[in-house]
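*Asks:* The structure follows.
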Amino acid sequence: MAKKRVVISSTLEDILETVGENIKLARLRRKITATMLAERAGISRVTLRKIENGESSVTMAIYANVLFCLGLEKDLLRLAGDDPLGRRLQDAELTHTTERVAKRKK
């Protein structure tokens, strides 16, 4: 069975490309070869190349593992950390009700 390809926006493609470039720059600054980083992360060089090119076919767990191998795993904590829209919605109490929905009787 063929895998279903996820369609992403051009904005997200640009972001992933930037993330990939940043990962590559971090690797080069540390003077780590692609082969070394791939071995440390337990992935192939082809997969590392996909990451450094910002391809969306690579799972987030593999991106996270590569960041961990570069000592950048704490950068993951920044993802969705500052959420001004969510905070405004929360403050306006638009995200959920405070009342619980009654359980259905069997």
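*Asks:* Once the Cα atoms of helix 10-29 and of the chain are each reduced to a long axis, what angle between those two axes, in degrees from 0 to 90 to the nearest 10, is obtained?
*Replies:* 40 degrees
*Asks:* Further question: Note down the relative contact order for the chain as a percent, whole number, built from C-alpha pairs under 8 angstrom at least six residues apart.
*Replies:* Numbers: 54 pairs, mean separation 25.7, N = 106.
Relative contact order comes out at 24 percent.
*Asks:* May I pose another question? How tilted is helix 60-69 with respect to the longest principal axis of the chain? Cα atoms for both, answer in degrees (0 to 90, nearest 10).
*Replies:* The angle comes out near 50 degrees.
*Asks:* Looking at the chain from every direction and averaging, what is the projected area of its Cα convex hull in nm²?
*Replies:* On the way: hull surface 47.4 nm².
The number I arrive at for the chain is 11.8 nm².
*Asks:* For Asp91 and Lys105 in the same chain, what is the full-extension length gain: residue separation times 0.36 nm, less their Cα-Cα distance, in nm? Display every interim value, and only then the final one.
*Replies:* Numbers: separation 14, 0.36 × 14 = 5.04 nm, distance 3.36 nm.
Gain on extension, Asp91 to Lys105, equals 1.7 nm.
*Asks:* At 0.36 nm per residue, minus the direct Cα-Cα distance, what do Ser44 and Ile62 gain on full extension? Give it in nm, one decimal, please.
*Replies:* Working: separation 18, 0.36 × 18 = 6.48 nm, distance 1.10 nm.
Result for the pair: 5.4 nm of gain on full extension.
*Asks:* Another question about this same structure. In the chain, with Lys and Arg counted as +1 and Asp and Glu as -1 at Cβ, which of these residues, Leu85, Thr33, Ile15, has the Cα nearest the positive end of the dipole, that is, farthest along it?
*Replies:* Value: Thr33.
*Asks:* Treat every Asp and Glu Cβ in region 14-105 as -1 and every Lys and Arg Cβ as +1, leave all other atoms uncharged, and give the resulting dipole magnitude about the Cα centre to the nearest 20 debye. Please report the intermediate quantities before stating the final value.
*Replies:* Working: 17 positive and 13 negative charges, 85 e Å.
With Lys and Arg at +1 and Asp and Glu at -1, about 400 debye.
Values quoted throughout were computed directly from the atomic coordinates according to the rules given, and no laboratory measurement underlies them. All of these numbers come straight from a predicted model, not from anything done at the bench. FYI the Cβ positions are ideal-geometry reconstructions off the backbone, even for glycines, and counts take in every protein chain you see.
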